[in-house]
1. Report the residue count in the stretch 507-539 for those that are touching a residue at least 40 places away in the same chain (Cβ under 8 Å) and open to solvent by 30 Å² or more (accessible area, probe 1.4 Å).
2. Looking at Asp78, is it in contact with a Lys or Arg (Cβ under 9 Å, 6 or more places away or on another chain) and surrounded by 20 or more Cβ atoms within 10 Å (Cβ to Cβ)?
3. Give the residues of the stretch 661-673 that are open to solvent by less than 30 Å² (accessible area, probe 1.4 Å) and part of a helix (DSSP H, G or I), sorted by residue number.
4. Which residues, taken from the stretch 84-108, are open to solvent by 20 Å² or more (accessible area, probe 1.4 Å) and over 15 Å from Gln403 (Cβ atoms)?
5. Can you name every residue in the stretch 310-341 that is more than 16 Å from Ile173 (Cα to Cα) and hydroxyl-bearing (Ser, Thr, Tyr)?
6. Considering only the stretch 568-592, how many residues are of a type in the set (Gly, Ala, Ser) and over 25 Å from the mean Cα position of the chain (by Cα)?
Amino acid sequence: MRAIVRVFYWIFAILVIAAAASAWWYIYRPLPQIDGSASLPGLEHEVTVDRDIWGVPHIRAASVEDLAEAQGYVMAQDRLWQMDLLRRAARGQLSEILGPRTLLIDREFRTNGFAGAAERDATLLDPESRKVMEAYARGVNQYIEQHKKNLPLEFSLLHYEPRLWQPSDTLAISAYMYRTLTDTWKRELNRAKVAERAGADRAKDLFSEEAPMDHFVVGDPKVIDDGSQRSAADPGDEDDDDIQPDTVLKAKGEASTGAPTAESEPDLTAALSQSIQDFLEESKNEIRQSLGSNNWVVSGAHTATGKPLLANDTHLELSIPSIWYEIHLTAPGWNVKGFTLPGAPMIIIGHNDRIAWGFTNNGADVQDLYVETFNPASPDEYRVKGAWTKAQIIDETIHIKGQPDEHLKVTVTRHGPIVHREGEKAYALRWTATEPGGLANSYNWLGKAHNWKEFREIMKRVWGPGQNAVYADVEGNIGYVMAARVPIRKKGHGEVPVPGDTDDYEWTGYIPFDQLPQALNPESGLIVTANARVVGPNYKPYLTDRWEEPYRTARIYDLLHDRHDLRPEDMLKVQTDTYSYPHVFIADQLLAAEKTVKPKDARAQKLIEDLKDWNGIADANSPEVSFLQGVRRSAIDLLLEPFLGKDTNLYQWRNTAFLQKVLTDRPAKWLPATYKNYDELLAAAADLAVTNLAEQSKSARVEDWAWKRFNSQDMLHPIGHEGMLKRFLSITDKPQSGTLYSVRAATKNHGPAMRFVGNPGNWDESILLIPAGESGQPGSSHYSDQFSYWYEGKPIFAAFSDAAEANARKHTLTLKPGS
């Protein structure tokens, strides 16, 4: 028996040692060097990389090129696999490493033509941008070359090595973000279907851009001084802005190429490819249904210091690693700290020593679908003004791990690629993202602006994605600019698919920059955007009528407009506010209706009774929030089913604003014949809601319907969707308060992907944080060290001055030129 026990202990000890050795080899050995010195041959001079207690790097360089090269190296230290995944997704090259399960994703991106657009636009870069992009790529590639034998965990699990980085890879990631923020063509298809079924009269109600809770930045007829009159001039200076409309050029499709990866050893591809496919599809769908970001800026009249404060939290998919990366960059002409995307040089959102800025998605309509007519006798011909014309046919070769290549036939008309077919109809997509120059002109250069005039000059060059930019500076100015190339159409606005065989719906140019919405120092001292409508009736150029719901904007206004003592912590409290206006509205409607018509289900009756004490906060433990959310959805379905049947999800407009208007005005034309009045409809919606909650929760008890049961937080790693990898790599099942309509917009996989409060009165008291951590390597202490601060709404003050950074410094790495 003793011998058996001894053998057991030896076996156990060997297993422990083997597990520890494997963990060290795959998890800890790839961790980057962050102290001492390392070689970076492309540099002209030494570069120092300090890191603070959060692992946030501060790079100091003697030139902008050295700065960019060091940034590429440092970014690869922390996020190399994420960078590779994003560029592969954008280029349609996932199947090369993951096998056939990701073919649908690859086909979509190949059809969009992002790889060809990125390669083309890399040749259109201005000299300064080209130097920076090439230097950044050199830095990434030096890290890859130096670490081929100790790459991050994901490369080992998937058994492949990354290709060298190219400037076009950075532009391809820009295209990926274009898709995230501006890909709306499926909504155009759905709008056409809904309008056809509901009829023209009802379609006006369904697709109205009017909402009583909107707060316009410019164009409000009730506001005399919104700041738009002075926006074109630097404060105290005159600036003639005579930019001419840009001509519209048509992008030519190009095939992307790539070498297949040789495979000879077993790996985990089959097990992990489904996780990555699910991750990309879920994040796409989540964003499409719940896109939301907040930013605002207040003048010194609203703050404790007399200096402006600026806040921004962009709502994107929540993943590990985070989509944003924090960094501080210093070189001649540059001293900027903020957030950038993995694979992108410089900084996109943040502050320097003079100004701060932040973004939300504007939603400007930059996609149009054209219905093309193809020749039945010659399928590669389509009709243009009465004559058959040859379409361009691109043979896209998709390499598939473990299988023969697939050849995807992409048909491109004068408007763009055919992205969808229904019966005999073929839909071609025109998109500013793939127009020449669309990817080459983005937001990475704002860090060198030092005042409003310089900020506007840089914004003039931006193509997109169209963003609401708020601005603050140390002189006390606040401002707003929406910059993007927004098409001017000959006819219509591109809200639904239009005929492609005529020139009647062509683009004739872009809205000139000086006609895009802008404001400087509005009398109110407050500018707020949250993806809702930003332009009022007095603003004439067409941007879109597909605005998001107005409730977050309204809540932010209500919390800020009469304050005069705001501090950075107060801005963070607003960012984490979980009050939900539409649910309060529905609660009031139910309480009023219940006086005349009660629901049949006793549980619905009890929940309505409990609403009398509900305070509007969407608490994670509240079953009332789950109930109200169910009533909201059921009421919309009951109103639309007479026209759309069970396809009510086709309607994804401002459906809650539509519901609010119908329940407020109670028009006879929208009341289904089944009900005598709207109170009966609300009672029926309440009964449906509790039935659905019981089914979804698999419990008939109200006590089991807490909001967290349906809206808990899952922050997933792309390969951490299940099993041991989910426990090791992801953060899941975290109760969270808030709804889609709260300032802290909260859905299961979507929410604030960063939080930023810029404080021009004292940059060292600015707040910067991301949901997880700086590093994408699970063995790093900075893999998820910021999560508790993000989750609990606590601030991380980001040192900026030399003295403050010296106190926060924890590591220093010197990058030296030469071999």
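The values are calculated or read from the model by the stated rules, or taken from the named source; none is laboratory data. Just so it is clear, the structure is predicted and the values come from calculations on it, not from any experiment. No Cβ is skipped: glycine too gets one built from the backbone with ideal geometry, and neighbour counts run over all protein chains shown. For the accessible areas, the whole protein counts, side chains as well, though only heavy atoms, and no ligand, DNA or RNA atoms are used. Shrake-Rupley method; radii C 1.70, N 1.55, O 1.52, S 1.80 Å.
1. So the count comes out to 8.
2. no
3. Val662, Leu663, Trp670
4. Of everything in the stretch 84-108, just one residue is open to solvent by 20 Å² or more (accessible area, probe 1.4 Å) and over 15 Å from Gln403 (Cβ atoms), namely Glu108.
5. Residues satisfying the conditions are Thr314, Ser319, Thr330.
6. Summing the residues that are of a type in the set (Gly, Ala, Ser) and over 25 Å from the mean Cα position of the chain (by Cα) in the stretch 568-592 gives 2.
Conditions tested, residue by residue: (1) at pLDDT below 95; (2) touching a strand residue (DSSP E or B) at 6+ places or on another chain (Cβ under 9 Å); (3) farther than 22 Å from Gln77 by Cβ.
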position: Trp705; (1), (2), (3): no, no, yes
position: Ile731; (1), (2), (3): no, yes, yes
position: Ser737; (1), (2), (3): no, yes, yes
position: Gly773; (1), (2), (3): no, no, no
position: Gln777; (1), (2), (3): no, no, no
position: Glu792; (1), (2), (3): no, no, yes
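For every residue, the table says whether it meets (1) at pLDDT below 95; (2) of a type outside the set (Gly, Ala, Ser).
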| position | (1), (2) |
| --- | --- |
| Ala746 | yes, no |
| Gly758 | no, no |
| Ser788 | no, no |
| Phe797 | no, yes |
| Phe800 | no, yes |
| Glu805 | no, yes |
| Thr814 | no, yes |
| Gly818 | yes, no |
